[in-house]
Amino acid sequence: MPRYDFKRIESRWQQYWEQHQTFRVDDCVPGKAKLYVLDMFPYPSGEGLHVGHPEGYTATDIVCRYSRMKGMNVLHPMGWDAFGLPAEEFARQKGIHPRIKTEENITTFRRQLKMLGFSYDWSRELSTTDPDYYRWTQWIFLQIHDSWYDSQCVWTGPDGVERRGRGRPISELPIPAEVQAAGQAAVRRYQDRHRLAYLSEAPVNWCPELGTVLANEEVIDGRSERGDHPVVRLNLKQWMLRITAYADRLSEELSDLSWPESIKYMQRNWIGRSVGAEVDFRLATAEDQFSTWTAQRQATGFPQEPESQVLRIYTTRPDTLYGVTYMVLAPEHPLVEQLTTPEHRPAVEEYRRKASLKSDLDRTDLAKEKSGVFTGGYAINPVNGQRVPVWIADYVLISYGTGAIMAVPGHDERDFEFAKTFGIPIVQVVAPSHADAATPDLQSSAFTDYGVAINSGAWDGTPTAEFKTRITADLAARGVAREAVNYRLRDWLFSRQRYWGEPFPIWHELDAEGNPTGLMRTDSVESLPVLHPHVEDFKPTGTPEPMLSKAGDDWLYRTDSDGVRLKRETNSMPQWAGSCWYYLRFCDNRNSGSFIDPEKEKYWLPVDLYIGGAEHAVLHLLYSRFWHKLLFDRGHVSHPEPFQRLVNQGMILGENGEKMSKSRGNVVNPEKVVEQRGADALRLYEMFMGPLEQVKPWQTSGVEGVYRFLGRVWRMLIDDRAEAVTLDAAVQDCPATDDQLRLLHRTIQAVTDDIDRLAFNTAISRMMEFTNAMTEQSVRPKCVLEPFVLLLAPFAPHLAEELWAALGHTRTLAYEPWPISDPAWLVEDTVEIPIQVSGKLRGRIVVPAGLSAVELQAVAEADESVKKLIEGRTVVKVIAVPGRMVNFVVR
RNA sequence: GCGAGAGUGGCGAAACUGGCAGACGCGCUGGAUUUAGGAUCCUGUGCCUUAAACGGCGUGGGGGUUCAACUCCCCCCUCUCGCACCA
């Protein structure tokens, strides 16, 4: 009667774990090593769980269950990244508050995850939408807002490492005397400009339909990624976080992390550090002013900001200055107005208008032909006094470097293309350094390699690398250039106009007429969280006016104790905010006095193993590191990095080998699989499919396979013809045979090694081999089966618990010691050795184990079958590898 | 274009440091049990030749190193992912 009834078994043990709080973990347990294993917490979508979720979650669960059995104190939490647009869109369509829909979705996700038997400590559950949680998200924002970046500060952190650059309290920002003299308001404005969270007016991607600005990554071909709505560029005042201040540390400190190289590469690439020079070109308004200006510069040096008559460019190739034949400004560049001559004005205006409608992403589309217009203006090349025409073109971005370039078509692909399109001269100033190298054909493509200088006056013959540093130094001495570092990374646009995100703890001061003065105040820490206001409907305003501005006056306005009238900030934070620090809150999710207790932070952090999809390579994982470093600088956390080891699970494809999607009709619903074959079967199958990090297609027949295996394990121990759950007659309390012990210990060894390597697929195959061999035995000793059940437990915990109980145990096996393999049983008495003749397999002999090379050769040579193989041949050489093979090399 | 990873049976895959290629599972062949189906158990299963493999060929293709190569080196092809006017 008791077939393998997974429904009964799984619900029984899930109830047991819940009732006994089996996986509740204490903080700071003395004498036990800690292990913090983290899953990327899900966005609880209305769709419910996807088969991709249990893949990573099962992997971490195996590691956790295994590590507990090895005696470690394991933190394994789960929560919800639940702010975001979908719930708000739903609210807009159905008129139901996003919180209600969000809670409904969380309930579904929680039920589905519990159904899979993951050993989470559910008492640590959190949602980014809980006021108790986002209270601290707002608090961290205030920490960022209260900080400035002192790039010169040299200091030693609690990790004992000396660093340059530190986020420091704004109160410690040195205020220049002239600012101080200008009064309190000037000082406050000065501070605001230096904060790590600041307001800035910049062109952004505005999506009227969604009612919010979007990050560049969220815009595809001028339309929103979500919903495919049009996106326009608007100048809007937005909150920015100064992540660029941390660019160097974010890039450099990657090297100590155990992360996939590809992810580190992507982050470094995203940060995109480049070293070059800023060079000033005097505008050619009147020839004679150039010499006056250079003489002046020689005396005063290179100024922080260029004068109004000067065009500052950034280049990584100052060695090609003699090859400059034109210059390009981004269409938005402030000097365009001044440079444009009357006859070129209409064309320039038209070009600027068109460019303003394109997003950065559109403009950087490589497939596009180069475009641009001549301004009519000229600048003077500081190396040789040549007049150079100045163009505007959208291949130069205002947001990178100085928003202006010197163009060297001979040695830059983009400039080459542009020069070809507009018939601008191309001058060669670099030649290949090897005399025998072919002369580059500058009619067909640019020569971008390093080489030696030519056509560069006295510099001719200087190698590129040397030339770069020397000419930069030379121009710097003349006050017209300086060394400069640039980053591809931009400051993080941190505000959205949505309702369903964290409100900012910021107030704007109003003057007597009710207009903003530009000065701001923050909510006190005690008054957090800033809760969401009631709004009548969730329709976007249709203007860049944030959703929160629909709130009533009681939420929007107040008068401070000093009588100053204040208006609330009505933007909200992006979804990344909550996911930036959730791993910290899991250590101490009930703390009402602080975002985390320092003792607990010190105990649990950093995360030892973080498993999730690669899609967060540069967003979540970079933002999190940034926040963590700021908290580190401000003394709130003790370790400079949050995630020590990162593993990316590979995507699970549909049965047809394509990405799973509703439109392709190849989506597998994990809940259905659990219903038909059980949670243990789903867990086991997802781990058996192949290596964790590999992309792999779903095979329903594969689920059948592991399900059959679970049935075989069941029948290996349980009499499935009996009425109740009874051990099979073959399972006996007797000593094991040598063969059985060898099998057991080999399996223990292999499964243990495989879990350590996260090679769960091979671990499972070893357990299958064990089961196949043991099932053949008519007597199956308990002392062999018990350790096996423990090995199975991390993979198929429900079945393992049930079998453990059937074996007579009354308590959960979750904390039973992990079996240890006895080396004595890992060695065989005899081994089969392949015999090769000249490298080809020709036979096999059975010999005692542990023979040395010399002994093995002697035994092989004495063997009759081997003698036959080499009969009549001349053996030139014999190679014997102990335990492996013998090779007779014959002529 | 640049960067990274990967190409092994009909399919998912294994092979740790160069040492028996294809473990384990799916599928398929034949059989047992069964009224039948299902379930379960047993058997075989890289390809070719063959009555049979103790023969030949086999890890994307070509070359090389080595007694020995999926593994190391060189060239080429294909696929996946990431980046892609960042001066």
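Against the definition (under 20 Å from residue A:713 (Cβ atoms), open to solvent by 30 Å² or more (accessible area, probe 1.4 Å), of a type in the set (A, V, I, L, M) and over 36 Å from the mean Cα position of the chain (by Cα)), how does residue A:824 come out, yes or no? Spell out how you get there, then give the answer.
Details: under 20 Å from residue A:713 (Cβ atoms): no; open to solvent by 30 Å² or more (accessible area, probe 1.4 Å): yes; of a type in the set (A, V, I, L, M): yes; over 36 Å from the mean Cα position of the chain (by Cα): yes.
Answer is no for this residue.
Give the residues of the stretch A:847-889 that are near RNA strand B (Cβ under 10 Å from one of its atoms), part of a strand (DSSP E or B) and exposed (fewer than 14 other Cβ atoms within 10 Å of the Cβ), sorted by residue number.
The answer is A:876, A:877, A:881.
Quick one: what pairs do we get from the stretch A:696-707, first residue under 17 Å from residue A:764 (Cα atoms) and without any contact (Cβ under 8 Å) to a residue 40 or more places away in the chain, second among the small types (Gly, Ala, Ser) and surrounded by 14 or more Cβ atoms within 10 Å (Cβ to Cβ), C-beta under 9 Å, 6+ apart or different chains?
A:703/A:681; A:704/A:681; A:707/A:678; A:707/A:681
When the residues of the stretch A:646-673 are narrowed to those that are in contact (Cβ under 8 Å) with a residue 60 or more places away in the chain and of a type in the set (A, V, I, L, M, F, W, C), which ends up farthest from residue A:112 (Cα to Cα)?
A:646
Going by the conditions given, is residue A:656 part of a loop (DSSP other than H, G, I, E, B), among the polar types (S, T, N, Q), touching a strand residue (DSSP E or B) at 6+ places or on another chain (Cβ under 7 Å) and surrounded by fewer than 22 Cβ atoms within 10 Å (Cβ to Cβ)?
Working: part of a loop (DSSP other than H, G, I, E, B): yes; among the polar types (S, T, N, Q): yes; touching a strand residue (DSSP E or B) at 6+ places or on another chain (Cβ under 7 Å): no; surrounded by fewer than 22 Cβ atoms within 10 Å (Cβ to Cβ): yes.
Against the criterion (part of a loop (DSSP other than H, G, I, E, B), among the polar types (S, T, N, Q), touching a strand residue (DSSP E or B) at 6+ places or on another chain (Cβ under 7 Å) and surrounded by fewer than 22 Cβ atoms within 10 Å (Cβ to Cβ)), residue A:656 does not qualify.
Tell me which residues, restricted to the stretch A:319-344, are of a type in the set (D, E, K, R) and not in a helix (DSSP H, G or I).
Here is the first cut: in the stretch A:319-344, the ones of a type in the set (D, E, K, R) are A:319, A:332, A:337, A:343.
Result: A:332, single match.
Which ones in the stretch A:760-788 are open to solvent by 10 Å² or more (accessible area, probe 1.4 Å), away from RNA strand B (no atom under 16 Å from the Cβ) and not hydrophobic (A, V, I, L, M, F, W, C)?
Answer for the stretch A:760-788, where residues must be open to solvent by 10 Å² or more (accessible area, probe 1.4 Å), away from RNA strand B (no atom under 16 Å from the Cβ) and not hydrophobic (A, V, I, L, M, F, W, C): A:782, A:786, A:787.
For a quick check of your reading of the model, give me the residue pairs whose first member lies in the stretch A:310-331 and is closer than 12 Å to residue A:375 by Cβ, whose second is of a type in the set (Asp, Glu) and more than 8 Å from RNA strand B (Cβ to nearest atom), with beta-carbon atoms closer than 9 Å and at least 6 apart or on different chains.
Sorted first by the residue in the stretch A:310-331, then by its partner, the pairs are A:311/A:280.
Mind checking which residues of the stretch A:299-316 are under 13 Å from residue A:382 (Cβ atoms) and in a loop (DSSP other than H, G, I, E, B)? Before the answer, list the steps.
At the first step, the residues of the stretch A:299-316 found to be under 13 Å from residue A:382 (Cβ atoms) are A:302, A:306, A:310-313, A:315.
Result: A:302, A:306.
Sort out which residues of the stretch A:847-871 are among the polar types (S, T, N, Q) and either in contact with a Phe, Trp or Tyr (Cβ under 9 Å, 6 or more places away or on another chain) or within 13 Å of residue A:882 (Cα to Cα) (or both), and write them in order of number.
Within the stretch A:847-871, the first condition is being among the polar types (S, T, N, Q), and the residues that meet it are A:852, A:857, A:865.
Correct list: A:852, A:857.
Can you tell me which residue among A:813, A:791 is away from RNA strand B (no atom under 14 Å from the Cβ) and assigned to a loop (DSSP other than H, G, I, E, B)? Spell out the reasoning first.
Numbers: A:791 fails: assigned to a loop (DSSP other than H, G, I, E, B).
Result of the check over A:813, A:791: A:813.
So the check is Cβ under 9 Å with 6+ separation or different chains; which pairs have a first residue in the stretch A:257-274 that's open to solvent by 60 Å² or more (accessible area, probe 1.4 Å) and of a type in the set (Phe, Trp, Tyr) and a second one that's within 6 Å of RNA strand B (Cβ to nearest atom) and outside any helix (DSSP H, G or I)?
Sorted first by the residue in the stretch A:257-274, then by its partner, the pairs are A:270/A:488.
Could you list all residues from the stretch A:614-643 that are modelled with pLDDT under 95, open to solvent by 10 Å² or more (accessible area, probe 1.4 Å) and in contact with a strand residue (DSSP E or B) (Cβ under 8 Å, 6 or more places away or on another chain)?
Hits for the stretch A:614-643 are A:614, A:623.
May I ask you to say which residue of A:664, A:742, A:757 is open to solvent by 10 Å² or more (accessible area, probe 1.4 Å), within 9 Å of RNA strand B (Cβ to nearest atom) and either basic (Lys, Arg) or modelled with pLDDT of 90 or more (or both)? Walk me through it before giving the result.
On the way: A:664 fails: within 9 Å of RNA strand B (Cβ to nearest atom); A:742 fails: within 9 Å of RNA strand B (Cβ to nearest atom).
Criteria check complete, one pass: A:757.
Select the strands (runs of 3 or more DSSP E) contained entirely in the stretch A:377-490, then report the ones holding at least 3 residues which are under 39 Å from the mean Cα position of the chain (by Cα) and either hydroxyl-bearing (Ser, Thr, Tyr) or more than 12 Å from RNA strand B (Cβ to nearest atom) (or both). Quick ask: steps written out before the conclusion?
Details: elements: A:387-392, A:404-407, A:481-487.
Per the criteria, A:481-487.
Do you know which of the residues in the stretch A:820-846 that are away from RNA strand B (no atom under 14 Å from the Cβ) and not aliphatic (A, V, I, L, M) is nearest to residue A:887 (Cα to Cα)?
Within the stretch A:820-846, the match that is nearest to residue A:887 (Cα to Cα) is A:829.
Would you confirm whether or not the stretch A:775-783 contains a residue that is among the small types (Gly, Ala, Ser) and over 30 Å from residue A:690 (Cα atoms)?
Yes, the stretch A:775-783 contains a residue that is among the small types (Gly, Ala, Ser) and over 30 Å from residue A:690 (Cα atoms).
Restricting to the stretch A:70-94, give me the number of residues that are open to solvent by 50 Å² or more (accessible area, probe 1.4 Å), more than 18 Å from residue A:210 (Cβ to Cβ) and of a type outside the set (A, V, I, L, M, F, W, C). Let's see the steps before the verdict.
First, pick out the residues of the stretch A:70-94 that are open to solvent by 50 Å² or more (accessible area, probe 1.4 Å): A:70, A:72, A:90, A:92-94.
Then keep just the ones that are more than 18 Å from residue A:210 (Cβ to Cβ); that gives A:70, A:72.
So of that shortlist, the ones also of a type outside the set (A, V, I, L, M, F, W, C) come out as A:70.
Count: 1.
The values are calculated or read from the model by the stated rules, or taken from the named source; none is laboratory data. Since the structure is predicted, the reported quantities are computational estimates derived from the model, not experimental observations. Reconstructed Cβ throughout: ideal geometry from the backbone, glycine too, with neighbour counts over all protein chains shown. We work out accessible area using only protein heavy atoms, side chains counted, and drop any ligands, DNA or RNA first. Shrake-Rupley method; radii C 1.70, N 1.55, O 1.52, S 1.80 Å.
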